[in-house]
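Written out below as structure tokens is the structure these notes cover.
Read-outs: derived from the displayed coordinates by stated rules, not from any lab. In this text the structure is predicted, and so the values were computed from the model without any measurement. Note: ideal-geometry Cβ built from the backbone for every residue, glycine included; neighbour counts use all protein chains shown.
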Amino acid sequence: MSNFNIPVERKLDSFYYRVKRGEKFVARCFTDLTDEEQLEFMSKYEKEGLMRMCKELALIIRNIGDQFDIYGKHE
């Protein structure tokens, strides 16, 4: 995997997954995974686990929006 596709590690959520970076394995947050790694991560969860993850990610997005006074541009 090239470094070009690997997101910057920001540690915004608490859903960790073990992935290979270079020659070693590391734990990364869901939001710090590549698209392919996120799909692999989600394929291992049942519906209830995915629903919990969605709720937590929604809370994180809400908190970031509140903290920085961010609004979407929907009409």
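Cross-link reach is defined here as a Cα-Cα straight distance under 24 Å, omitting same-chain residues fewer than 8 places apart; for Lys55 the lysines meeting it are Lys11, Lys44, Lys47, Lys73.
Anisotropy class assigned to the stretch 3-68 is oblate, per the alpha carbon gyration tensor with a/c at or over the 1.5 cut-off and a/b no larger than b/c.
The packing ranking, built from the mean of other Cβ atoms within 10 Å per residue, places the peptides 32-40, 67-75 in the order 32-40, 67-75, highest first. Based on C-alpha pairs under 8 angstrom that are at least 6 apart in sequence, the stretch 16-71 has a relative contact order of 18 percent. Using the Karplus relation 6.51 cos²θ - 1.76 cosθ + 1.60 with θ = phi - 60°, the per-residue 3J(HN,Hα) values for the stretch 31-48 come to 6, 9, 8, 6, 4, 5, 5, 5, 4, 4, 4, 5, 5, 8, 9, 7, 3, 5 Hz, with x marking Gly and Pro.
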